[in-house]
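Below is one structure, written out as structure tokens; the observations come after it.
The values are calculated or read from the model by the stated rules, or taken from the named source; none is laboratory data. Please read these numbers as outputs of a predicted model, since none were measured by experiment. In this analysis, Cβ positions are derived from the backbone assuming ideal geometry, glycine residues included, and neighbour counts consider all displayed protein chains. The accessibility values were calculated without ligands, DNA or RNA, using every heavy atom of the protein model including side chains. Shrake-Rupley method; radii C 1.70, N 1.55, O 1.52, S 1.80 Å.
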Amino acid sequence: MDTFSIIQNFFTRMACHFCGVAFEPDDVQLVGEGDGYMIVSVHCHDCGQHNGVAAVGVETREEGLSETRQFKDPEFTDEDYVRLSEFDVIQADDVLEAHEFFQNLGSDWMKFIPPEIRERCTGNDTESLL
């Protein structure tokens, strides 16, 4: 199975935000790709609604090499990579857990924002947000 097919099958575990029908592999279309990532667009086959665009990080193995190439963000400096190397690598389960968390926030999600920040965000004083 090629990398894009794996991505398409991953999205079949999700459902349309508009009608609730589970996505099919053909609902996910490749719109672009680069070194270490693919960009996909998701449309619902049932209601026809566009559900968004996702940048999906991918690892590729070159023939004869045991080392995995990873996407390197051109905006990060070497110092950024050193600083970030102190953290654990994000695993697939971490992404799924985050997705479930955001999906289940509900309309009262602002309760998770500390009060002092919430006040700045809801006030008219845009200077305080900077």
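Per-structure values
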item	result
Every residue from region 1-21 that is of a type in the set (V, I, T) and either closer than 16 Å to A92 by Cα or touching a Ser or Thr at 6+ places or on another chain (Cβ under 6 Å) (or both)	T3, I6, I7, T12
Output for region 23-41, where each listed residue is in a strand (DSSP E or B), under 14 Å from G52 (Cβ atoms) and open to solvent by less than 50 Å² (accessible area, probe 1.4 Å)	V28, V40, S41
Of residues in region 102-121 being in a helix (DSSP H, G or I) and of a type in the set (A, V, I, L, M, F, W, C), the one nearest to the chain's Cα centre (by Cα)	F102
